[in-house]
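Here's the structure we're looking at; comments come further down.
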Amino acid sequence: MGKLFVIEGLDGSGKSTQAEKLCEGLRKEGTDAVKIKLPDYDDPSSTLVRMYLAGEFSESADGLSPYAASMFYAVDRVASFKRHWQKAYLGGSVIIADRYTTSNAVYQLSKLPVSEWDGFLEWLWDTEYTKLELPRPDAVVFLDVPSEDRERMLSVRYHGDDSKRDIHERDAAYLRRCREAAEYAAARCGWITVKCTDDSGNMRAIDDIHSDLLDIIRSKLVK
């Protein structure tokens, strides 16, 4: 059995970059590491996710039940696991996931009243890890970036063209609520939070953040 490590964070937090660098760093040290990205937008299994993010069910993220939206993502994860990385995981490889079930705890939890957050998290873990039999992560690292910095990074990503943003990315108020949900889930579920800004509020260098992540994963591999 391998290990599953999740790099979590909101849009514009640098997850993809860090997941790729982490995978490369582990390979250089002799660890068989495989990077996966979820949702798998290149696979038909993500069709409902893509329709949701394009606004085909509702023009806003809040317009669709968090339970319904969560199932779209869950189905894509099951398809990805069974078709693309189950063999590597069962064979002992380290899987580095750019997003996972934990993203539902960020983007869908935020749609609910705080009084319902614990119930949603219990439903989510039971649905995906017990009933759908997806692997539970060995560790989740949350890349925490202040809202204003994420907004700037998203603007750079899309060169200022807001029409390219999905229904999550174009709703700044929704993303602020998602950060609150992420902080709650991280504290309740034992995620490891890595601050992506320094004490002065400046974005840390990509390599410095990578060094932190590599140290964290190394410590989990020796246990």
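The values are calculated or read from the model by the stated rules, or taken from the named source; none is laboratory data. This is a predicted model, so every value here is computed, not measured. Neighbour counts run over all protein chains shown; Cβ positions are idealised from the backbone, glycine included. Side chains included, ligands, DNA and RNA excluded: accessible areas come from the protein's heavy atoms. Shrake-Rupley method; radii C 1.70, N 1.55, O 1.52, S 1.80 Å.
Quick notes on this one:
- All positions within the stretch 151-183 that are under 22 Å from Met203 (Cβ atoms), open to solvent by less than 10 Å² (accessible area, probe 1.4 Å) and either of a type in the set (Lys, Arg) or modelled with pLDDT of 90 or more (or both): Cys178, Ala182
- Answer from Ala61, Ala33 - the residue that is aliphatic (A, V, I, L, M), open to solvent by less than 50 Å² (accessible area, probe 1.4 Å), in contact (Cβ under 8 Å) with a residue 60 or more places away in the chain and within 29 Å of Trp117 (Cβ to Cβ): Ala61
- One residue from Val145, Val94, Val140 being crowded, with 21+ Cβ neighbours inside 10 Å and at pLDDT below 95: Val145
- Scan of the stretch 46-58 for residues that are open to solvent by 30 Å² or more (accessible area, probe 1.4 Å) and either of a type in the set (Asp, Glu) or outside any loop (DSSP other than H, G, I, E, B) (or both), ordered by number: Thr47, Leu48, Arg50, Met51, Glu56
- Test result for Lys28, in contact (Cβ under 8 Å) with a residue 24 or more places away in the chain and open to solvent by 20 Å² or more (accessible area, probe 1.4 Å): no
- For the stretch 66-77, the count of residues that are over 22 Å from Asp208 (Cα atoms) and in contact with a strand residue (DSSP E or B) (Cβ under 7 Å, 6 or more places away or on another chain) is zero.
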